[in-house]
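The values are calculated or read from the model by the stated rules, or taken from the named source; none is laboratory data. Predicted, not measured: the structure shown is a model, and the values here were computed from it. Because the Cβ atoms are built from the backbone with ideal geometry, glycine has one as well, and the counts that use them run over all protein chains shown.
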Amino acid sequence: MFCPNCGGENRSEQSYCRTCGLKLDAITEAVADQLPSKEYAKLQRRKELFEKLGLLSMSVSALIGVGLLFAKAAYYKLLLFGPEVLFWSAFGALVLFVLLSLFFFNIPKLTMNFDKAKPRLDPVNTEPAVATQKQIEDRPFEPVPSVTENTTDLLPRKNAK
């Protein structure tokens, strides 16, 4: 975790910044409020797992499809081994893996309810912000007098002749 005041790196267990001494407890709590809830994170991991399984089964079905093309091209060479049996078993495996890939890609949409598990913890203030057309009030600017202002009057002058 980095200190928002000085940018110094601190461990998340520390209560104060080691560089500037800023109290980090409130900042740690504010950052924790922005993290997703455990239930939402668990659903997200499960969704990613199902997507990976869907991708795996889709790639296996693509490999089987390529194998089918090679099997059909080598049909006459496979006469000794029974090409019909090999072809239809490969076709059955292709259909099986296509169905598995469709299942793994669609199961998160069908079974996981992401609306119930809120992505963030409940906000403290649930009232909507009131939108106004007013700008922030411009206060009159009063310049702060400089430390060096009017100090050159006291310096000795060299007479230029």
Item to check | Condition check for Ser15: closer than 30 Å to Pro108 by Cα and of a type outside the set (A, V, I, L, M) | outcome: no
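Quickly run through the stretch 1-26 and pick out the residues that are among the aliphatic types (A, V, I, L, M) and over 21 Å from the mean Cα position of the chain (by Cα).
In the first step, residues of the stretch 1-26 are kept if they are among the aliphatic types (A, V, I, L, M); the result is 1, 22, 24, 26.
Passing the criteria: Leu22, Leu24, Ala26.
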Checklist entry - Could you list, in sequence order, the residues of the stretch 5-34 that are in contact with a Leu (Cβ under 9 Å, 6 or more places away or on another chain) and under 30 Å from Lys116 (Cβ atoms)? => result Ser12, Ala32, Asp33, Gln34
Item to check | Criterion violated by Ser37 - all others in (1) farther than 30 Å from Asp115 by Cβ; (2) at pLDDT below 85 satisfied | outcome: (1)
Checklist outcome for this item: Checked pairs for the stretch 2-15, first farther than 13 Å from Val31 by Cα and assigned to a loop (DSSP other than H, G, I, E, B), second modelled with pLDDT under 80 and of a type in the set (A, V, I, L, M, F, W, C), C-beta under 6 Å and 6 or more apart or across chains, list as Asn10/Met1
